[in-house]
Amino acid sequence: MAGKISIYWRIFSILNYGFMTVLAVLCVLPLVHLFAISLSSDATVAAGKVFLWPIEFTLKSYDFVLGQSAFLKSMGISLQRVALGVLINMLLTILVAYPLSKDAATLKGRTIYVWIFVFTMLFSGGIIPMYMTIRALGILDTIWALVLPAAVPVFNVVILLNFFRNLPKELEEAALMDGAGHLRILWSIFVPLSAPSIATVTLFAIVGHWNSWFDGILFMNSPDNYPMQSYLYTVVVGMSTIINSSTDLEVLLMVSDRTAKAAQLFVGALPVLLVYPFLQKHFTKGIVLGSVKG
């Protein structure tokens, strides 16, 4: 009987690994294809010869992209948004998750507070009330319009508070007996022990801010203040690369609109691709340990 179970388990493992490998390849292929287009000549791309490997290798598309002031400015705005937004997200997420991780006897009305936060995950006021609120606050066309509406990501709060609830209560009790306050317990005990979960929600915050594009179009009156993803949306969907000078036009004639777009899209995805491997090792552990309790 044990032998049959072992054989079935091996078959399942082979099929499972095979399926996941195919799925991973399908996810990677579009990015590889995009990268190959960005490094190929205009003629080979127009002829449909480029698939997974550059044909007639050239860096002219990247010369054009990195020479565009609008593209570089949008990247700077996105970097500023990520730095400021992730800092605010993590600070508020930790400060909200810690008290909500306590039981009802320690925090009176805990259940009510939790449901208030969960309610915001299910229902929202909509785009018009949000726009009116941002306008009333006087932060339209500023970096704060991109950061403050998503200052408290409730999904991240739920993951982190569940992780906090799994930590041994004896640690907190010992610290309280030694005279430590809640802030000292939070930053000296809970935060260091929650590194996997914090790394996970940090990754969520980075990707969320970097990939967000709609709020940039909604809250920015001037295209000069667009973050990178909003700028790329206008380039790709608008079906035209922004040309700022006659030099840009001369270079674009050599690289084509399609290769220039491919280069911009790849550069736009590159920062997250570089950050993800450093946080990925904590991802599975953080997301699992942060979701085993309610």
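The values are calculated or read from the model by the stated rules, or taken from the named source; none is laboratory data. Bear in mind that the values here come from a model prediction, so they are computed numbers and not experimental data. As a convention, Cβ positions derive from the backbone with ideal geometry for all residues, glycine included, and neighbour counts pool all protein chains shown. Ligands, DNA and RNA are stripped out before the accessible areas are found, and what is left, the full protein with its side chains, is counted by its heavy atoms. Shrake-Rupley method; radii C 1.70, N 1.55, O 1.52, S 1.80 Å.
What do you get for chymotrypsin sites (Phe, Trp or Tyr not before Pro) in segment 1-87 restricted to DSSP loop and a cutoff of at most 15 other Cβ within 10 Å of the site's Cβ?
Details: sites: TYR8, TRP9, PHE12, TYR17, PHE19, PHE35, PHE51, PHE57, TYR62, PHE64, PHE71; in loops: PHE51, PHE57.
Here the chymotrypsin sites (Phe, Trp or Tyr not before Pro) that fit, given the DSSP loop and packing criteria, are PHE51, PHE57.
For the Cα atoms of the chain, what angle does the longest principal axis make with the long axis of helix 195-211, in degrees from 0 to 90, nearest 10?
40 degrees
Could you list the trypsin sites (Lys or Arg not before Pro) in segment 1-89 that lie in coil according to DSSP, counting only those with at most 15 other Cβ atoms within 10 Å of their Cβ?
Working: sites: LYS4, ARG10, LYS49, LYS60, LYS73, ARG81; in loops: LYS49.
Sparse-neighbourhood loop trypsin sites (Lys or Arg not before Pro): LYS49.
According to the square roots a ≥ b ≥ c of the eigenvalues of the Cα gyration tensor, what is the shape class of segment 58-106, taking rounded for a/c under 1.5, prolate for a/b larger than b/c otherwise, and oblate for the remainder? Display every interim value, and only then the final one.
Values: a/c = 9.48, a/b = 4.47, b/c = 2.12.
Prolate.
For q values of 0.17 Å⁻¹, compute log₁₀ I(q)/I(0) with the Debye formula on a Cα-only model of segment 9-122, without solvent.
Relative scattering, expressed as log10 I(q)/I(0), comes to -0.94.
Using a 1.4 angstrom probe, figure out how much accessible area the chain has per residue, in square angstrom, rounded to the nearest whole.
On the way: 16970 Å² over 294 residues.
That works out to 58 Å² for each residue.
Determine the dipole magnitude for the chain: charges of +1 sit on the beta-carbon of Lys and Arg, -1 on that of Asp and Glu, nothing else is charged, the reference point is the Cα centre, and the result goes in debye to the nearest 20. Could you put the intermediate results ahead of the total?
Values: 18 positive and 14 negative charges, 199 e Å.
Roughly 960 debye, rounded to the nearest 20.
Can you send over the carbon and sulfur percentage of the accessible area for the chain, probe radius 1.4 Å, protein chains only?
Details: 12110 of 16970 Å².
Looking at the chain in its full context, I get 71 percent from C and S.
I want to verify a result. In a Gaussian network model of the chain, Cα cutoff 10 Å, which of these has the top mean-square fluctuation: LEU171, LEU84, LEU26?
LEU26
Considering Cα pairs under 8 angstrom that are at least six residues apart, work out the relative contact order of the chain and quote it in whole percent. Mind showing how you got there, number by number?
On the way: 297 pairs, mean separation 85.6, N = 294.
It comes to 29 percent, rounded to a whole number.
Computed over the Cα atoms, what is the radius of gyration of the chain divided by 2.2 N^0.38 Å, N being its residue count? List each step's numbers first, then the result.
Values: Rg = 24.2 Å, N = 294, 2.2 N^0.38 = 19.1 Å.
Relative to the 2.2 N^0.38 Å estimate, the chain comes out at 1.27.
About its Cα centre, how strong a charge dipole does segment 34-171 have in debye, to the nearest 20, once Lys and Arg get +1 and Asp and Glu get -1 at the Cβ?
Details: 10 positive and 6 negative charges, 102 e Å.
Dipole about the Cα centre, nearest 20: 480 debye.
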